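Right, one structure below, let's go through it.
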Amino acid sequence: MILLGPHGIGKTHLAIGLGVKATQAGYSVLFDTASNWITRLADAHQSGRLDVELKKIRRYKLIIIDEVGYIPFDQDAANLFFQLIASR
């Protein structure tokens, strides 16, 4: 599911609510901003454990990526973000 719209209309609030409901239904959930996901993956990549990190993330039934589009990604960040999405 993708939630699109201008700043301040409640996309984050709705995403958190969906995450809470998924957790209550027994699903494992991870939530973070796009920039924090990129930082997490970049750190893993630099330490040679990107595959391990992506495998850990794949164990969760739902990942929520907030604030996509608020900051531009450089080429490396875009590649890491693609790997996150593609691994799902």
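The values are calculated or read from the model by the stated rules, or taken from the named source; none is laboratory data. Keep in mind that this is a model prediction, so the values were computed, not measured. As a convention, Cβ positions derive from the backbone with ideal geometry for all residues, glycine included, and neighbour counts pool all protein chains shown.
Within the range 37-70, restricting attention to residues that are surrounded by 12 or more Cβ atoms within 10 Å (Cβ to Cβ) and of a type in the set (V, I, T), the residue that is modelled with the lowest pLDDT is V68. Being crowded, with 16+ Cβ neighbours inside 10 Å and small (G, A, S) is the requirement here; does A34 meet it? Judged against the criteria, A34 is a match. Scanning the range 74-88 for residues that are surrounded by 11 or more Cβ atoms within 10 Å (Cβ to Cβ) and more than 14 Å from D51 (Cα to Cα) yields a total of 3. When T23 is tested against (1) at positive phi; (2) modelled with pLDDT of 95 or more, only condition (1) is not met. The residues of the range 30-54 that are touching a helix residue (DSSP H, G or I) at 6+ places or on another chain (Cβ under 8 Å) and either without any contact (Cβ under 8 Å) to a residue 24 or more places away in the chain or not hydrophobic (A, V, I, L, M, F, W, C) (or both), listed by number, are D32, R40, A44, H45, V52, E53.
Would you say Y27 is loosely packed, with under 12 Cβ neighbours inside 10 Å and in contact (Cβ under 8 Å) with a residue 24 or more places away in the chain? So Y27 does not fit the description; no.
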